Amino acid sequence: MAAVQPFRITLWDTSGTGRGRGSVKAVISHAKYIGVSSYLNEGGEIFFTLPYNHPQISECLPLERHYRVERYDEADEIYRTISTGLLHDYQATDNEVVFYGIDYMSVLNQTLTDVAGIISNPSTTVTYDNQTASAIWQAEMSAAKNAANSRLGFINIEATISAETKTYDIFTAGEQRGSFLFNIMAIAQEGTTNKIVFGNRIESSTQSYNSFFLNMNFSPTANNKVRLVYGANVKRFSYSPNFRSLRTRAVLIATSIFGSTSSKIWSNFATSSLIPTYGVIDRVDVQEDLISQDSVSARAAYNLNESSPDKIKVISLSITDGSIVPYKDYSLGDDVRVVIKRGPVNVDSTFTIRGQQWIGREDGSEELAFDFYNRSVKQFELSPYRDASPLTSVPTEASTFLPNTETGPEHLSSPPLGVDDQEDLTSPKGEDDMDGQDPLNPPDKPERGSKKSKDKERRIRDKKDAEKKASKKEEKKKKKKK
C-alpha cells in the first residue's frame, strides 16, 4: 500500500459549467514548499515550488487551472482543504519554478462594480437606493457570477444568514468588488458588537468548493475547542498594544462626483467613553461615494470601534508543529482564547482570528501562524510622520514568514525561519563560475548562509591568512641570510 503523502495539490482545467472545475489534470504530492495565506472578509493567495523538471509541471497553467491545497489529518484519516482558487502566475529560476495562485475571494476582487449605468447616465447619483447591506451583497455577487465570460460563473450564492432590515443609499461604479463589499459590511456593523463574516466556504466531503455565504450576525460566542497558549501550543509570538493607533474621536468625510457635480458630507463625531481617561485623540478618514448622512455617520462609528484598545492590538502567533490542524474545529472569524505571559506581555482574553498563514515542506514539516489584528487598520494622524520614521507603522507579519528566498525580497514564496538562510546569488564571482553547465544535470545547490557553511568559509579564510603570514616570514628569513 502506498504511503499517504502529508500534503497534496490537485489541479483541474476550467472546462466546467461557468468556467468551474472540469477534468483533473494533476495531483502533486511532492512540492518543495507550499504556502497559503487567508484573511477574514478578504482575499488570500498560495504558492508552491517544484523542480524545473517535475513531470507534472506542464499542467501548471496560470489562469487555466483551478487548484485545491490539502493537508492530511492523521487523527481522522482524511485530507482537509486549506485553500481553493485559480493559479495566477509563476516565476522560474534555473533549478526550480514557484507557482502562485489566488483564492476565489481574490478573484472576486478582480471584478468591478457596474460602470455601464454611470456611462449611460452620467447624472446618476445613486446605485442602491434604500437597500439593505444584505441586498447589496446579493446583487453584487449575482453580478459577478452572471457577467459575460465571468471567471466566477460557477459559484453558488447562499441566502443571507440573519439578514438585517436597516437600509442605506450607496453609489458605486468601477470599484473593486471585494473591497466595496468589505466597506459595505463595515458600515453595516456601525461600531456594534455584531460581527459580519462573508466569503467562500472551506471545501470538505460535505461542502462544495463553490459556495459563497454572508452571515450578518456571526456568533460572538468563544470557540472553546481552540485555546492558544504561549509555552504550550504557541512557540513564538509578536505582540504590540499598538497605542499609537488608539483614537477616542472619529469623523468621516465622504466625497462623491457625479458628472460635473461634486459633493462632500461630514459625519457626526463618533466619540469614545475613553475620552475622560486619554483625552481627545482624533481620527479622520476620507471615503468616496457614500451619499447619505446616515451611512457616513455609521462608517465613522465603525472606524472608531476599530480604533478601540481591544481592536488595535497587533498579535501574531506561530503554532507548535502539528498541534493544530488548519481549519479543524475553527474558522476565520472565530473568537478564541489567547494566553501570553512573558516579560511585559500579560494577555489572557478572546480575540478574533483575522488571518492565517500556513507553510508545508517537502519533508512533511509545517508552520502555522495566526493573526489577530485588523489588516485594514491604517495610521490616522492628521499630520503623518515622515515616511522614513520607524514610528509610522507597527510590524504586523508573523516572524515565521520573513522574506528570505532566491525569488527576491518581500515575496510570499519565502521559506520560513528554521530553514537555512540563503545568500544573494547575483553575477558570477570569477572565471570558474563561468564554466558551462549541462542543463540536464544542474550542479547541486550550495549551502547558503547556514552556520555550518559560514564556519567553513571562516576556517578557509583564516588558513589563507596564516599561509600568507608564513610566506612573508619565510621571505624575510631568506633576505637576512643573503
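The numbers here are math on the coordinates, done by the rules we state, and not lab data. Computed from a prediction, not measured in an experiment: that's the story for all the values here. Here Cβ is always computed from backbone atoms with ideal geometry, including for glycine, and neighbour counts include all displayed protein chains.
If you filter segment 334-373 for GluC sites (Glu not before Pro), then keep DSSP loop positions with at most 16 other Cβ within 10 Å, what is left?
Values: sites: Glu362, Glu366, Glu367; in loops: Glu362.
Sparse-neighbourhood loop GluC sites (Glu not before Pro): Glu362.
Just to confirm a number: summing +1 for Lys and Arg and -1 for Asp and Glu over residues other than Thr221 whose beta-carbon lies under 15 angstrom from that of Thr221, what do you get? Don't skip to the answer; put the middle values down first.
Details: positive: Lys195, Lys225, Arg227, Arg337; negative: Asp329, Asp334, Asp335.
Charge balance near Thr221 sits at +1.
Where does each of 268-277, 314-323 land if you order them by average Cβ count within 10 Å, highest first?
Numbers: 268-277: 13.8, 314-323: 18.8.
Output ranking for 268-277, 314-323: 314-323, 268-277.
How would you classify segment 7-102 from its alpha-carbon gyration tensor, with a ≥ b ≥ c the square roots of the eigenvalues: rounded for a/c under 1.5, else prolate if a/b is greater than b/c, otherwise oblate? Kindly include the intermediate steps, with their values, before the conclusion.
Details: a/c = 1.31, a/b = 1.11, b/c = 1.18.
Note, shape of segment 7-102 comes out rounded.
Could you sort out which of Lys264/Lys313; Lys32/Lys311; Lys195/Lys328; Lys166/Lys264; Lys32/Lys313; Lys225/Lys311 sit more than 25 Å apart by Cα distance in this structure? Could you put the intermediate results ahead of the total?
Numbers: Lys264/Lys313 32 Å; Lys32/Lys311 37 Å; Lys195/Lys328 21 Å; Lys166/Lys264 23 Å; Lys32/Lys313 34 Å; Lys225/Lys311 22 Å.
Correct reply: Lys264/Lys313; Lys32/Lys311; Lys32/Lys313.
Loop only per DSSP, at most 13 neighbouring Cβ atoms within 10 Å: give me the trypsin sites (Lys or Arg not before Pro) in segment 198-232, ordered by residue number.
On the way: sites: Arg201, Lys225, Arg227; in loops: Arg201, Lys225.
Hits after loop and neighbour filter: Lys225.
Within 14 Å, Cβ to Cβ, of Thr81, how many net charges do the neighbouring residues add up to if Lys/Arg are +1 and Asp/Glu are -1?
Cβ neighbours under 14 Å give a net charge of +2.
What ranking of Thr127, Thr113 emerges when the number of other C-beta atoms within 10 Å of each C-beta is taken as an exposure proxy, fewest first? Walk me through the numbers on the way to the answer.
Working: Thr127 20, Thr113 24.
By the 10 Å Cβ count, ascending, the order reads Thr127, Thr113.
I'd like the Karplus ³J(HN,Hα) series for segment 360-367: coefficients 6.51, -1.76, 1.60, θ = phi - 60°, whole numbers in Hz, and an x wherever there's a Gly or Pro.
My calculation for segment 360-367 gives x, 10, 4, 7, x, 6, 8, 10 Hz in order.
Loop-only GluC sites (Glu not before Pro) in segment 27-115, please: DSSP not H, G, I, E or B, and at most 12 other Cβ atoms within 10 Å. Kindly include the intermediate steps, with their values, before the conclusion.
Working: sites: Glu42, Glu45, Glu59, Glu64, Glu70, Glu74, Glu77, Glu96; in loops: Glu64, Glu74, Glu77.
Filter output for segment 27-115: Glu74, Glu77.
Sequence gap at least 6, Cα distance under 8 Å: using those rules, report the relative contact order of segment 234-356 to the nearest whole percent.
Values: 205 pairs, mean separation 36.5, N = 123.
Reported as a whole number, the value is 30 percent.
Could you run the Karplus curve 6.51 cos²θ - 1.76 cosθ + 1.60 with θ = phi - 60° over segment 344-351 and give me ³J(HN,Hα) per residue in whole Hz, x for Gly and Pro?
x, 8, 9, 10, 8, 7, 9, 9
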